[in-house]
Amino acid sequence: MSDTWGRRSLRQLRQIANDPLLLIVILVILASLVLFIIYPLSKVIITSFLPDGKFSFSVFKEVFSSWYLRQAFYNSIMMGILTAVAGVGVGFVFAFTLARTDIPFKKFFHLIAIIPIISPPFIGALSIIMLFGNNGFISDHLLHLQNIKIYGFRGLLFAQVVTFFPVAYITLRGVLDSISPTLEDAALDLGGTRFKVFRRVTLPLALPGIASAMLILFVETLADFGNPLILAGSQFPILSVQAYLQITGMYDLPKGSALALILLVPSISVFFLQKYWVSRKKYVTITGKPTSSTLKSVSPIAKWILFAVCTFFALTIILIYAAILWGAFVKVWGFNNTFTLDHFKYVFSVGFGAVKDTLIIAGISTPIAGILGMVIAFLVVRKEFPLKHFMEVSSMLSFAVPGTVIGIGYVLAFNSHPLLLTGTLLILLLNFIFRYVPVGIQSGVAILRQVDPSIEEAAIDLGADSRSTFRRVTLPLMVPAFFSGLIFSFVRAMTAISAVIFLVSSNWNLMTVQIMSQVESGRLGAAAAFSVILVLIILAAILIIRAILTLKYGRFGGTTLKF
Amino acid sequence: MMRKSLLILIAVLLVLPFAVFATAEKEVTADKVVVYASVDEGNAKLILDAFTADTGITASFVHLSSGPALARITAEANNPQADVWMGAPSENHVLAKSQGLSVAYNSPSLSELEDAFKDAEGYWRSFYMNPMAFAVNTEALAKIGAPMPTSWDDLLKPVYKGHIQMPTPQASGTAYNIVSSLVVARGEDAAFQYMAKLNPNVQTYTSSGTGSSKGVAVGQCAIGIQFTPAFFKFIDEGYPLKVVFPKEGVGFEAPAVSIIKGAKNMEAAQILVDWLVSKEGQDVLSEVKTFFYPVNAKATLAMGMPQFSELKTIGVDVQWAGDNKKRLVERWVNEVLPAK
């Protein structure tokens with residue numbers, strides 16, 4: 001076994017050696033993955049097994065013997081599964097409706113469906129309380145409901161689905177757009193009913209996308225701590241929050257690390273499950289042959305039902321963001337509705353430095369993360385080399401690990417010579433690059449699996465080397481996924497909180513940390529104003545990238561963007 | 001494009017380790033000081049701006065709540081990034097002292113403070129204090145038609161079911177203060193019986209120590225329990241709140257300041273510590289509307305705050321509270337949370 005493995009590795013090595021650039025790229029990426037993902041994580045793992053400087057399982061025994069933490073584990077898994085199912089459901093409805101029907105206001109629905117990925121920490125949850133809580137605008141003033149249980153299971157599930165379904169929408173929209181509608185047309189022509197065509201053609205083709213969207217949602221929900229921190233509360237414990245609380249509330253770094261490790265188990269299992277499942281069901285629909293859509297695979301009744309469902313969700317999302325605007329521009333959120341600009345004046349006097357820092361950090365780290373993600377996706381899907389699985393798994397790791405743990409890991413790992421990085425810009429950049437690289441990889445892998453390798457093989461047969469094949473053939477096909485991933489990681493970098501709370505310094509501070517401070521000190525108006533500015537910056541960035549793409553590639557370039 | 005971006009990527013990844021050496025050691029001076037502020041962002045800025053105006057020393061700070069701050073100072077022990085840890089209740093500073101993260105500083109300012117507000121050896125001094133209280137949202141209370149509560153026992157009444165928010169002691173020092181002061185006032189078993197009876201009335205236990213003030217301010221709940229500054233702040237902002245000090249008495253916190261071991265700006269750090277407890281530093285607390293109680297009796301109080309001496313307070317031995325924290329919090333999780 002090891003002999004064949006060794007021989008295969010040797011053969012792969014020899015092939016790679018013919019392409020020195022490829023070899024260097026692989027080596028550099030592997031080295032950085034070890035240094036900036038594996039090393040900080042191992043620091044945390046070591047801490048969880050060495051509570052008193054000696055190796056011991058005592059921390060894990062303590063964790064498993066607590067009914068409360070077992071409950072937290074169960075709640076997290078349940079919340080992850082339900083959010084994945086419901087979020088992908090909503091995301092699929094949006095993606096399918098916008099890709100396969102001719103409902104009115106498509107652009108508007110598209111914009112609304114991606115807006116929630118721009119969700120400033122804490123403020124979204126607060127806004128939900130302002131709308132649907134006991135004294136909420138909808139629940140109390142419109143519906144006159146009493147004693148709504150916004151805290152705990154229902155409130156959190158609602159917030160998580162609203163926050164994370166856009167991720168599913170973006171993934172599935174990309175997948176559905178790349179499934180040629182002519183396949184559906186052909187099935188219809190062959191006499192299939194519309195429902196049968198959907199069930200037997202569209203759905204199976206979209207399955208790999210649905211699976212990967214579910215994976216992303218499950219893992220993101222599992223690791224998320226902004227919404228549960230506000231909406232879960234102690235009576236509905238959530239593992240990621242408990243890990244954070246053990247470290248920051250009980251000062252128990254070993255126990256917090258242990259909880260984080262436990263959180264990793266389902267994340268990584270799901271990751272492998274998805275890999276196994278998706279890799280067995282491989283569909284190629286971009287074949288290089290021209291396609292044209294006739295959009296007749298949906299009946300008019302179904303179309304208007306889908307339209308109604310989308311409208312309902314769109315209204316909910318508009319309300320949530322309107323509530324934030326409302327908070328930013330009135331004197332006292334919910335009580336004194338006099339218009340004021342005081343909160344914005346306050347933000348510009350106290351927090352302007354943070355706005356600038358945030359832009360610099362997100363602006364530098366995002367393109368690097370995007371390119372790195374695409375390169376890794378390409379290597380993993382299309383190339384054979386030793387340690388390929390290690391590269392794939394380790395680059396996805398930071399995605400599954402709660403930010404708190406990454407943050408602590410970075411501080412533990414990079415606070416002494418020769419890797420003295422704490423307090424610098426670099427540590428924030430590195431954290432963001434390696435934390436958001438999986439986003440690019442995910443979208444890159446999803447699109448590459450859809451592209452028939454025979455297109456690339458044809459280029460190679462025609463005499464192109466692997467570099468120009470990648471540049472002239474593969475890369476253009478990856479452009480939509482690349483820029484979608486780019487914007488997605490930009491948004492995440494702008495809205496991240498859990499890891500960076502440990503990494504910001506007096507020289508480099510971030511807007512999200514400011515929002516958290518303002519929420520903590522009770523300046524809800526200022527926090528809302530900060531959030532409005534944050535959302536505006538992100539929207540501006542998306543528009544600028546769109547404009548550049550349109551300029552460079554014509555109309556095609558602008559529309560390749562999933563945003 | 002691919003080649004260029006690859007080269008840039010490689011260049012960046014190769015340069016990273018070398019960039020490390022560019023982070024040169026900071027110079028030792030007395031004209032600046034770096035602070036981890038567990039006082040909230042806005043107030044930390046106001047206090048430190050006043051300090052800079054008074055002394056000419058530039059103070060840069062990062063806001064971190066007490067947990068993340070201590071976690072960071074611990075992780076950075078080999079190479080401290082900050083000179084002073086300002087804010088966070090004194091038990092955190094007791095912990096920092098016992099873990100060897102802070103250094104003692106003896107100066108005349110230490111002897112002027114009452115014993116409850118300092119470490120005898122000078123490792124930390126408290127520079128303000130806050131009592132625990134209820135805040136009642138008068139509009140939300142009117143809506144459920146409940147009377148104004150005046151005592152801890154009032155909160156057990158069924159009329160408040162699902163209308164009270166307080167922080168969870170798992171996360172917040174504020175909530176642990178509630179638990180430990182109830183234990184001191186009632187005895188441990190009686191205190192836990194009380195909290196178990198209170199559990200059905202609690203809408204949610206917030207993770208942040210100041211979470212309940214937001215809940216009560218926006219009317220999500222009728223009653224919030226926590227330290228007073230955020231309550232007074234919300235009243236100042238115009239929210240319909242009333243602060244109630246329950247008649248059985250309340251605990252209080254005394255946030256402190258420590259100099260971090262290995263501070264690179266030691267002299268400026270010492271000046272800051274002395275200034276914080278001086279009359280000038282203490283007057284700033286009310287001038288800039290922090291709604292913190294000064295520890296220096298000579299300092300003035302902000303509008304709307306009752307004299308601290310008029311309140312019935314419950315003193316909790318900081319050392320005892322720290323030693324028993326793990327046990328009491330676990331007991332809380334096991335006995336209070338499942339209570340119906």
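The values are calculated or read from the model by the stated rules, or taken from the named source; none is laboratory data. No experiment lies behind these values; they were computed from the predicted model shown. Glycine also receives a Cβ, built like all others from the backbone with ideal geometry; neighbour counts cover every protein chain displayed.
General observations
- Residues that are among the aromatic types (Phe, Trp, Tyr) and crowded, with 18+ Cβ neighbours inside 10 Å are absent from the range A:2-12 altogether.
- Entry remark, the range B:43-100: residues being within 8 Å of chain A (Cβ to nearest Cβ), small (Gly, Ala, Ser), outside any helix (DSSP H, G or I) and under 12 Å from the mean Cα position of the chain (by Cα) number 1 in total.
- Every condition in (1) more than 12 Å from chain B (Cβ to nearest Cβ); (2) surrounded by 24 or more Cβ atoms within 10 Å (Cβ to Cβ); (3) not β-branched (Val, Ile, Thr) is met by residue A:136 except one, and the failing one is (1).
- Verdict on residue B:39 being crowded, with 23+ Cβ neighbours inside 10 Å, part of a strand (DSSP E or B), within 10 Å of another protein chain (Cβ to nearest Cβ) and of a type in the set (A, V, I, L, M, F, W, C): no
- Residues of the range A:213-268 satisfying the condition of being surrounded by 24 or more Cβ atoms within 10 Å (Cβ to Cβ), among the hydroxyl-bearing types (Ser, Thr, Tyr) and within 17 Å of the chain's Cα centre (by Cα): A:221, A:240
- A single entry from B:271, B:235 fulfils the requirement of being outside the structural domain of residue B:215 (by TED's automatic domain parsing) and either assigned to a loop (DSSP other than H, G, I, E, B) or over 18 Å from the mean Cα position of the chain (by Cα) (or both): B:271.
- Top-ranked residue in the range A:266-318 [being closer than 30 Å to residue A:193 by Cβ and of a type in the set (Phe, Trp, Tyr); ranked as modelled with the lowest pLDDT]: A:283
- Test: residue in the range A:436-453 that is at pLDDT below 80, surrounded by fewer than 18 Cβ atoms within 10 Å (Cβ to Cβ) and in a helix (DSSP H, G or I): yes
- Every residue from the range A:205-238 that is touching a strand residue (DSSP E or B) at 6+ places or on another chain (Cβ under 8 Å) and small (Gly, Ala, Ser): A:233, A:234
A quick yes/no check of all residues on (1) at pLDDT 85 or above; (2) among the charged types (D, E, K, R); (3) more than 22 Å from residue A:40 (Cβ to Cβ):
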{"site": "A:337", "(1), (2), (3)": "no, no, yes"}
{"site": "A:366", "(1), (2), (3)": "yes, no, no"}
{"site": "A:398", "(1), (2), (3)": "no, no, no"}
{"site": "A:404", "(1), (2), (3)": "no, no, no"}
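- Sole exception among (1) in contact with a Leu (Cβ under 6 Å, 6 or more places away or on another chain); (2) surrounded by fewer than 19 Cβ atoms within 10 Å (Cβ to Cβ) for residue B:207, by number: (2)
- Residue B:312 being closer than 23 Å to residue B:197 by Cα and either in contact with a His (Cβ under 7 Å, 6 or more places away or on another chain) or surrounded by fewer than 16 Cβ atoms within 10 Å (Cβ to Cβ) (or both): no
- Residue B:157 within 10 Å of another protein chain (Cβ to nearest Cβ), of a type in the set (D, E, K, R) and over 18 Å from the mean Cα position of the chain (by Cα): no
- Every pair of residues 6+ apart whose Cβ atoms lie under 6 Å, when the first sits in the range A:497-513 and is more than 7 Å from every other protein chain (Cβ to nearest Cβ) and free of Cβ contacts under 8 Å to residues at least 40 places away in the same chain while the second is surrounded by fewer than 24 Cβ atoms within 10 Å (Cβ to Cβ) and of a type in the set (D, E, K, R): none
- Candidates in the range A:463-473 are the residues that are touching a helix residue (DSSP H, G or I) at 6+ places or on another chain (Cβ under 9 Å) and under 19 Å from residue A:18 (Cβ atoms); of these, the one that is surrounded by the most Cβ atoms within 10 Å (Cβ to Cβ) is A:470.
- One residue stands out in the range B:290-311 among those that are assigned to a loop (DSSP other than H, G, I, E, B) and out of contact with any helix residue (DSSP H, G or I) (no Cβ under 7 Å at 6 or more places or on another chain): the one that is farthest from residue B:241 (Cα to Cα), namely B:297.
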